[in-house]
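Data first, discussion second: the structure below is written as C-alpha cells.
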C-alpha cells in the first residue's frame, strides 16, 4: 500500500510540474516584443517593415489640449500622440484634429521606417531624416534603434536633402539667426551654412530656418549617440568624419501632412525599402570610403 501511495504521489508531482511549465510558457512569450521577435528570427541583411496600425481622428474641444489628451487617453499616452502628430501641445488649438493610433503600447510599432534596412547594414551608425514624413530613423548595422518626429526647413528656407556628417556639438548654442533662440543639444551638420540638428519646438509642420528640429528627449539621445568629427590640434585638418546623416526626400508644403492621412490610409507615412534605397544608395560608397569601412 505504501508503494502505491509513493507512485501516486510521484504522478501528482509530475502533473503539478507540467502545469507550472505550461502556465509559465505564455508569460515568457509576452515579454518578447514584436521588434525583438522579428530581429531574433531574421538576419541583418533582410528588410523588415514596421507593422501597419489602424488610426482614427480626435478633435480637440478644450483650450488646454494637453490636459484633454491626458484625460481622454491617459497621461502615459500623451507623448505618443504628440510625437505622432509632430506637434508640441502648446500649438494644439481648440478644433485641431489629431491622428490617434488604435494601439499605443509600443511607439516603435508606429515607425514609418523599416525595422531592418539592408542598404545600410555595412554602416555601424547612420541617422536618416525623411523630409516627406518629417521623421528620423537611427540605424546601427541596418537595425532600427530609435525613431521620432522632426521639423525641417520651411518652404522659404528648406533644408537641403543630401549626405552630411556630424561635426561639432554643444549642449547649448545661440542661434546665428536670432540671438534670443537658445538651441539645446545642438549638433552641427554643415559648418559653413550653419545647418544643425537640435531641440526646438515642433508646430506640426516644417518650420525651421534650414535646421532640423527635434523634441528634447530625442535631441539629447542623438547628442550622446552620434560621433562628432575629430580635428587636428590646430583645428585646421579633419582627421575623422563623424556619424553620417542623410536627409532625403521632399515635403509637399501645399498638401495635407502625411500623418493627417493615416486614418484613411494606414500606410500614408510608410517609408518602403524601395523609396529609401532610391534616395540614399548613392551615398553609401562615400560613407564607406570616408568612414574607412572597407
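No lab work stands behind these numbers, since they all come straight from the coordinates. Nothing here was measured: the structure is a model prediction, and the numbers come from that model. Here the Cβ positions follow ideal geometry from the backbone for every residue, glycine too, while neighbour counts run over all protein chains shown.
Structure notes:
- Largest-first principal axis extents, alpha carbons of region 111-156, Å: 36, 18, 13
- Cα gyration tensor of region 76-188 - equivalent ellipsoid semi-axes, whole Å, descending: 24, 24, 13
- Over region 154-276, the Kirkwood radius and the radius of gyration, each from Cα atoms, give a ratio Rg/Rh of 1.01.
- Per-residue Cβ neighbour rank within 10 angstrom, fewest leading, 217, 146: 217, 146
- The Rg/Rh ratio for region 44-100 is 1.12, where Rg is the radius of gyration of the alpha carbons and Rh is the Kirkwood radius.
- As a rough guide to protection, the peptides 204-215, 164-175 ranked by mean Cβ packing within 10 Å, highest first, stand as 204-215, 164-175.
- A convex hull fitted to the Cα coordinates of region 242-294 yields 108 cubic angstrom per residue.
- For region 229-270, radius of gyration divided by Kirkwood radius, i.e. Rg to Rh on alpha-carbons: 1.40
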